[in-house]
Each structure stands twice: as C-alpha cells, then as structure tokens.
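**Student:** After the structure tokens below, expect a handful of questions from me.
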Amino acid sequence: MTDPLFSFSVHKTDGAARTGAISTPRGTIRTPAFMPVGTAATVKAMHPEEVRQLGADVVLGNVYHLMLRPGAERVAALGGLHTFMNWQQPILTDSGGFQVMSLAKLRKLDENGVTFQSHIDGRKFELTPERSIEIQRLLGSDIQMQLDECVKLPCSDEEAARAMRLSLRWAERSLKAFGHQPGRAIHGIVQGGAVRTLRVESAKALSDMPFHGYSIGGLAVGEPQDVMLAMIEEVMPHLPEDKQRYLMGVGTPDDLLESVARGVDMFDCVMPTRAGRHGLAYSRYGKINLLNARHADDPRPIDEESRWAATRTYSRAYLHHLMKAGEILGMMLLTSINLAYYQDLMAGARAAIAAGTYKQYVADTKAGWERGDLTPLQP
C-alpha cells in the first residue's frame, strides 16, 4: 500500500537502531519518537502548545474513551479531533481493544467483535474491526490501528494462539474497512503473548498484508523486561524494513533505549504523565520522588542544565510543597518536566544513531541513572 501523501524513510542506522522520519500532510514525525498519551483528547495536565514546545511531533488518542465521551460523531461534527483538541500536528489513535479488555464491564467477545458495557454509565456498545476504523476515520486520525485482542500475561499458549489468530482475521477486516484514505495510514498489530513461535507467525502473516506500518502489541502488561525484549527480537526480522515499527504502551526510559537498540521507531506510554501527577520526576539522574521529605528544604532544581525552564528553575522544595499540598500546579510542572525528559531522551537517541554512537549514548545515559541524584546538600 503506497500513498504519496504518507511515507516513511530511514535516514541512518547504527546496528539495529535507526533514525528516520514519517511524513504526513500534518507534519513530520522524527523517529525514534515518543508519543505523549492524550487519552480523552488531552494530554493530562498539559496545554497542547506546551506539548508541542517540548518537542512532541505526534500525540496519541484513544478510541475507547472518545467513543464513550464525547462520541466520534460529535467530534467529527465539530471539525475532527485535531480541531477539537487544538492540536494541528499528527495524531495516532489506538483501536480501543486494549481498554475494552481492561476497563469495560460485562464484555463479550466473539468472531464479529466485542460487546461491552461502558465503565462510565453502563450503556452497551459494540466494537467491531469495522466500527473501530469508522470511529478513527470520524476522528480524523493520521495513523490508525487495527482492532486486536490483547491478552493479559501470563496466559496459556492456547489462549495466546486463539487471540493472535483472531487478531489476524480482524486485521484483514480492519484493512478492508480502512479503504483509501489519502494522507492517512493504518497499522497491523503483532500479537502472540510471550510465545516466540506465535509472535513470528503473527509478524509473517501481517507482513503479507499491505499495512503502512506495524505495531507490536500485548507487551508491557506485566511480563519482565527480558521477555519483552526477547519478543521484539523475534519479531523484527519478519517485519518490513521500509515500514515504521511501533511498540505499543512502552514504557520506562530504559525500555525505550533498549527497544530502540532493537529497531523500534515509535512508542507511547502514560508513565511520564501519570508519574508526574503522583510526584515522581524523570531526569538524567534517574527517578526523583518529590514527595520524599528530604526535598522539603532543597533549593536546587531538578536539573540546572536542562533546556526546559520548569526543570531548571523551580526548586525541589517548591515542587515538594506543591505535591504535599495537592496543588494542581505541582502536577502540571512535573508532567511537563517528565515529558521534556522523554523528548530529550529520544532527541539524544536520534542524534546518536545519526553519529554512529548509539551504544555509547545508552551507556552514558544509564551511567547517569546509576550515579543517581545530584550531590546531597551539605549539612
């Protein structure tokens, strides 16, 4: 499937790591890319303009939440998701399948799709591959996902196989429903639990379908990191090199660096925003818990060398106070600090891959985390 309005190119590789660009009518996505999660048409505690200033080229929206509230037809009538949330850069939407499995009440799954009750008000909804794509078309998302079934790990090999093969059948239906949408793209999603042979079977089958890109789903759902990385390594040789690769729902800064080293181009995760709302900052010194009493009298910023003003100007004592007092500003500042760090991490990865120094970049970054926080205050 080719589209002159939507393309992906790899600019440089360093081992399996690669840097490139996804070109869309709404702008270019530099890869490797981290997508802030805008579940309900908002990146929590952030202004859209600020998300862009941090360096994000694309954000993620969620089909499940948006179909329940305010509704895809309403968003379409109001000009589409980009206009609705005042974000004019690319938007990727997931299919809603994961949330149906994790949030919905009284769900019933069969060959046709999923019937479930809303976790908000108990209303009954049906989500099929065709309806998921219809919702994403109404929202106007630039990159759309097939509907899939994501199983929780650990699970039996039989359960993983059943869900993976159902997802393959849904992939064919999703692709047909997507049809021709110039300037927009659709991804197939590799499933298979933690079973190597199933992951390979899924990747090979999807690669034979003309998707614009390929996602790896069903990971970062409780399995150890080494299992996740092993599944990535199994899948990558069977995915087209000229298509973007998206690891869904991942993850920690370490997860991102290790996955980039294995050829992943795109990520999303609620971790930096959720952590910020709960007092945790990500930095080049590792994680800093601002709720800890040791920060109450600390006048230093999180990182005085950061390019992001919030990171280098607000004191730890002030951030500690805001979080202990339950002030919204504390959540906003720490969310922006975390998203800035994630964007800087990806910018550093892109530069290192281009320079052929990615292994050294990873080693230096991890050494900073190992050294930990700045020198403690002197008594």
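The values are calculated or read from the model by the stated rules, or taken from the named source; none is laboratory data. Source: prediction; values computed, not measured. FYI the Cβ positions are ideal-geometry reconstructions off the backbone, even for glycines, and counts take in every protein chain you see.
**Student:** Within the range 339-354, how many residues turn out to be buried (at least 24 other Cβ atoms within 10 Å of the Cβ) and either small (G, A, S) or more than 27 Å from A16 (Cβ to Cβ) (or both)?
**Tutor:** Counting residues in the range 339-354 that are buried (at least 24 other Cβ atoms within 10 Å of the Cβ) and either small (G, A, S) or more than 27 Å from A16 (Cβ to Cβ) (or both) gives 2.
**Student:** Determine whether D14 is within 27 Å of R173 (Cβ to Cβ) and in the same structural domain as K124 (by TED's automatic domain parsing). Let's see the steps before the verdict.
**Tutor:** Working: within 27 Å of R173 (Cβ to Cβ): no; in the same structural domain as K124 (by TED's automatic domain parsing): yes.
Judged against the criteria, D14 is not a match.
**Student:** Which of (1) touching a Lys or Arg at 6+ places or on another chain (Cβ under 6 Å); (2) without any contact (Cβ under 8 Å) to a residue 40 or more places away in the chain is the odd one out, the single condition V10 does not satisfy?
**Tutor:** The single condition V10 does not satisfy is (2).
**Student:** For the range 135-158, how many residues are assigned to a helix (DSSP H, G or I), surrounded by fewer than 16 Cβ atoms within 10 Å (Cβ to Cβ) and either within 25 Å of the chain's Cα centre (by Cα) or in contact (Cβ under 8 Å) with a residue 40 or more places away in the chain (or both)?
**Tutor:** Residues of the range 135-158 assigned to a helix (DSSP H, G or I): 135-139, 157-158.
Remaining after also requiring surrounded by fewer than 16 Cβ atoms within 10 Å (Cβ to Cβ): 157-158.
Imposing the further condition that a residue be either within 25 Å of the chain's Cα centre (by Cα) or in contact (Cβ under 8 Å) with a residue 40 or more places away in the chain (or both) reduces the set to 157.
Residues in the range 135-158 being assigned to a helix (DSSP H, G or I), surrounded by fewer than 16 Cβ atoms within 10 Å (Cβ to Cβ) and either within 25 Å of the chain's Cα centre (by Cα) or in contact (Cβ under 8 Å) with a residue 40 or more places away in the chain (or both): 1 in total.
**Student:** Picking from D298, D268, D344, which residue would you name as being touching a strand residue (DSSP E or B) at 6+ places or on another chain (Cβ under 9 Å), farther than 30 Å from G97 by Cβ and not polar (S, T, N, Q)? Don't jump to the end; show me each part of the working.
**Tutor:** Values: D268 fails: farther than 30 Å from G97 by Cβ; D344 fails: touching a strand residue (DSSP E or B) at 6+ places or on another chain (Cβ under 9 Å).
Among D298, D268, D344, only D298 is touching a strand residue (DSSP E or B) at 6+ places or on another chain (Cβ under 9 Å), farther than 30 Å from G97 by Cβ and not polar (S, T, N, Q).
**Student:** Hey, another quick one. Is it fair to say G222 is closer than 18 Å to L339 by Cα, small (G, A, S), part of a loop (DSSP other than H, G, I, E, B) and touching a residue at least 40 places away in the same chain (Cβ under 8 Å)? Let's see the steps before the verdict.
**Tutor:** Details: closer than 18 Å to L339 by Cα: no; small (G, A, S): yes; part of a loop (DSSP other than H, G, I, E, B): yes; touching a residue at least 40 places away in the same chain (Cβ under 8 Å): yes.
In short, no.
**Student:** Given the conditions (1) farther than 13 Å from I216 by Cα; (2) in contact (Cβ under 8 Å) with a residue 60 or more places away in the chain; (3) buried (at least 19 other Cβ atoms within 10 Å of the Cβ), report the number of the one that G183 does not fulfil.
**Tutor:** Among (1) farther than 13 Å from I216 by Cα; (2) in contact (Cβ under 8 Å) with a residue 60 or more places away in the chain; (3) buried (at least 19 other Cβ atoms within 10 Å of the Cβ), the lone unmet condition for G183 is (3).
**Student:** On the given criteria, is Y361 buried (at least 20 other Cβ atoms within 10 Å of the Cβ) and within 21 Å of G38 (Cα to Cα)? First the steps, then the outcome.
**Tutor:** Numbers: buried (at least 20 other Cβ atoms within 10 Å of the Cβ): yes; within 21 Å of G38 (Cα to Cα): no.
Considered against the rule, which asks whether it is buried (at least 20 other Cβ atoms within 10 Å of the Cβ) and within 21 Å of G38 (Cα to Cα), Y361 comes out as no.
Conditions (1) in a loop (DSSP other than H, G, I, E, B); (2) among the aliphatic types (A, V, I, L, M); (3) more than 22 Å from L247 (Cβ to Cβ), marked per residue:
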position: E111; (1), (2), (3): yes, no, yes
position: E172; (1), (2), (3): no, no, yes
position: Q181; (1), (2), (3): yes, no, yes
position: H187; (1), (2), (3): no, no, no
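**Student:** Evaluate the following for V250: is it at pLDDT 95 or above, in a loop (DSSP other than H, G, I, E, B), within 20 Å of I186 (Cα to Cα) and not assigned by TED's automatic domain parsing to the domain that holds Y285? Talk me through it step by step, then tell me what you get.
**Tutor:** On the way: at pLDDT 95 or above: yes; in a loop (DSSP other than H, G, I, E, B): yes; within 20 Å of I186 (Cα to Cα): yes; not assigned by TED's automatic domain parsing to the domain that holds Y285: yes.
So V250 passes the test.
**Student:** Of everything in the range 30-77, what is touching a Ser or Thr at 6+ places or on another chain (Cβ under 8 Å), in contact (Cβ under 8 Å) with a residue 40 or more places away in the chain and not in a helix (DSSP H, G or I)? Give them in sequence order.
**Tutor:** The answer is R30, T31, P32, P36, V37, V43, K44, A45, M46, L54, L60, G61.
**Student:** Just give me the residues in the range 240-275 being surrounded by fewer than 21 Cβ atoms within 10 Å (Cβ to Cβ) and within 19 Å of T197 (Cα to Cα), in sequence order.
**Tutor:** Those that are surrounded by fewer than 21 Cβ atoms within 10 Å (Cβ to Cβ) and within 19 Å of T197 (Cα to Cα): P240, R262.
Results for (1) surrounded by 19 or more Cβ atoms within 10 Å (Cβ to Cβ); (2) touching a Cys at 6+ places or on another chain (Cβ under 9 Å); (3) farther than 27 Å from T335 by Cβ, shown as yes or no for each residue.
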| residue | (1), (2), (3) |
| --- | --- |
| P4 | no, no, yes |
| S7 | no, no, yes |
| H11 | no, no, yes |
| A16 | no, no, yes |
| I29 | yes, no, no |
| A33 | yes, no, no |
| T39 | no, no, no |
